[in-house]
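Here's the structure we're looking at; comments come further down.
Rule-based calculations on the coordinates, nothing more; no lab input. These numbers come from a predicted model, not from an experiment. We place every Cβ from the backbone using ideal geometry, glycine too, and count neighbours over all the protein chains shown.
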Amino acid sequence: MPAIHLISLGCPKNRVDSEVMLGVAQQHGYHHTREAREAEVIVVNTCGFIGPAKKESVAVILEMAAHKVSGSCRLLVVAGCLSQRHPDELASELPEVDHFIGSSDVMKLGDVLAGGSDRMLVGNPADWVVSADSPRMLSSRPGSAYVKIAEGCDRHCSFCVIPLLRGKQRSRHPDDILREVERLVN
């Protein structure tokens, strides 16, 4: 069974997205490894909110890119808010990255793993919100999990890029949230 290593940077929303990507990978026959050097696929789920987070994301991407030379890694995927915010810049400055996935495109990891996708998979950030039916592999300790009740924001404050990174505000239906919580508990 091939291995995937995923690093989740940033906020709890990113953690949920990372857990969904791990669930997608599991559906495609991958198992999660905590050791990057053992992974055939490495995913870095980035934060692009503030300057230091962007620098950390790029540093981690470059650190993981070294595993394409010294480890088992055959695919390096950069996902999340930094991909959403700066897709073209990242693509030109990081040729070692095989695929870029936007913040609302986490389900497209399946296409990447299946081998038939474009390098750039960054769409409209308002196109997706997690649901109770989303595959998910928890990464937190037992008895604890984040649950997204909404995504995005409609306010365009001068100091904030959330609408750019996550799209317009979308709330989940309470029944869907309850189904997810029940699934997480069981």
Next on the checklist: Any residue that is farther than 21 Å from Cys160 by Cβ, of a type in the set (D, E, K, R) and under 15 Å from the mean Cα position of the chain (by Cα) - is there at least one of those in the range 91-106?
Outcome noted: yes
Checklist entry - Under 6 Å by Cβ, and 6 or more places apart or on different chains, what pairs join a residue from the range 129-141 that is among the polar types (S, T, N, Q) with one that is surrounded by 14 or more Cβ atoms within 10 Å (Cβ to Cβ)? => result Ser131/Asp176; Ser134/Val20; Ser139/Glu19
